[in-house]
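The values are calculated or read from the model by the stated rules, or taken from the named source; none is laboratory data. Keep in mind it's a predicted model, so treat the numbers as computed, not measured. Please note: Cβ atoms are built from the backbone with ideal geometry, for glycine as well, and neighbour counts cover all protein chains shown. Heads up: the accessible areas ignore ligands, DNA and RNA and are worked out on the full protein's heavy atoms, side chains in. Shrake-Rupley method; radii C 1.70, N 1.55, O 1.52, S 1.80 Å.
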Amino acid sequence: MSGPEKPATPGKSAVSTGDPAAATPVTGPATAPEPVPEERRRDTRPDTPDRPVPGGEPDFLRVSGLHAGYGQARVLHAIGFQVARGEVCAILGPNGAGKTTTLRALSGMVRGRGSVTLDGTELLGRSPEQAARLGVAHVPEGRGTFNDLTVEENLRVGAYLRSGGRLAQVFSRRAARRDERAAVAEDLERVYGYFPKLRKRHRQPAGSLSGGEQQMLAIGRALMLRPALLLLDEPSLGLAPLVTRELFGIVRTVNEEERTTVVVVEQNARLALDVAHRAHVLESGRLMLSGPAAEISRDGQVAEVYLGVSAGAGTGG
């Protein structure tokens with residue numbers, strides 16, 4: 001599905017193409033922007049100092065020629081990008097650009113064709129459960145907490161896919177269960193360390209929590225999996241600005257302390273760019289722009305055309 005073309009973005013910025021070694025000053029063309037082939041991705045990252053990019057494998061997550069949709073409706077059209085191990089990657093764009101579909105394709109919630117590899121293992125064609133066992137934790141839009149379960153019971157659900165795994169193959173069944181219980185208890189403490197409010201409410205039904213606390217619970221449950229790849233879909237949706245900033249601060253801390261690779265879809269472009277190392281901008285299911293998040297954030301004209309925010313605008317709510 002292709003949308004109307006947008007006007008060109010005048011001005012000049014130092015960007016690199018798909019080849020990281022090639023960096024050239026680029027001036028906006030007089031014609032409307034076209035989708036950029038994967039091998040020539042325009043690399044263009046907030047007004048705050050650049051976040052140092054982790055030194056992990058540059059293609060820990062590799063997406064190539066990804067097509068995905070729903071029934072006969074095609075949403076993604078041959079998009080491709082890479083995410084380094086330990087990196088926070090923001091996927092941005094207007095409503096209907098294909099951001100949520102991208103995350104769903106990565107986690108097995110929708111079928112796709114092309115290739116998506118995580119640490120060299122193909123993810124396409126796998127079920128969400130299989131993807132989770134490979135270390136993919138998906139926090140969907142709308143949180144998806146179990147309202148009738150307590151906070152702690154919700155968190156324990158996140159550790160479910162770890163049960164009966166390698167431990168059961170190595171130790172006796174009883175020893176594996178004992179070791180797994182200890183690991184779950186350790187991870188509960190770890191999650192409560194990130195989200196002290198959840199510790200205070202660990203016996204409360206999840207449905208009694210505020211919207212921000214439910215989002216904390218959804219992210220905490222995903223962290224119980226000890227994911228290699230954490231997918232966050234619109235974590236700020238419906239939350240107050242202060243709660244949103246708190247959540248993104250925790251995501252940043254998790255990334256820095258645990259080197260968890262994060263891919264976040266977020267309408268609050270300024271806030272997402274402030275946390276991310278790298279960003280990719282989608283429009284009508286096509287990848288229009290990729291690069292360091294600070295470069296994209298500092299280019300006011302790019303932000304206005306592709307992200308719908310004015311040059312110099314502060315972090316939105």
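Scanning the range 120-143 for residues that are surrounded by fewer than 15 Cβ atoms within 10 Å (Cβ to Cβ), within 18 Å of L225 (Cα to Cα) and not hydroxyl-bearing (S, T, Y) yields a count of 4. Of all residues in the range 135-149, those being within 26 Å of F60 (Cβ to Cβ) and either modelled with pLDDT under 70 or of a type outside the set (G, A, S) (or both) number 5. The set of residues from the range 236-264 being over 22 Å from R226 (Cβ atoms) and open to solvent by less than 10 Å² (accessible area, probe 1.4 Å) comprises just one member, T244. Within the range 72-96, the set of residues being within 19 Å of L271 (Cα to Cα) and modelled with pLDDT under 95 comprises L92, G93, P94, N95.
Every listed requirement among (1) open to solvent by 10 Å² or more (accessible area, probe 1.4 Å); (2) at pLDDT 95 or above is met by L231 save one, (1).
I need a count of the residues in the range 150-169 that are outside any helix (DSSP H, G or I), modelled with pLDDT under 95 and either polar (S, T, N, Q) or open to solvent by less than 30 Å² (accessible area, probe 1.4 Å) (or both). Don't jump to the end; show me each part of the working.
Within the range 150-169, the subset outside any helix (DSSP H, G or I) is 150, 159, 163-165.
Still in the list and also modelled with pLDDT under 95: 159, 163-165.
Going one step further and asking which of them are either polar (S, T, N, Q) or open to solvent by less than 30 Å² (accessible area, probe 1.4 Å) (or both), we end up with 159, 163, 165.
Within the range 150-169, residues that are outside any helix (DSSP H, G or I), modelled with pLDDT under 95 and either polar (S, T, N, Q) or open to solvent by less than 30 Å² (accessible area, probe 1.4 Å) (or both) number 3.
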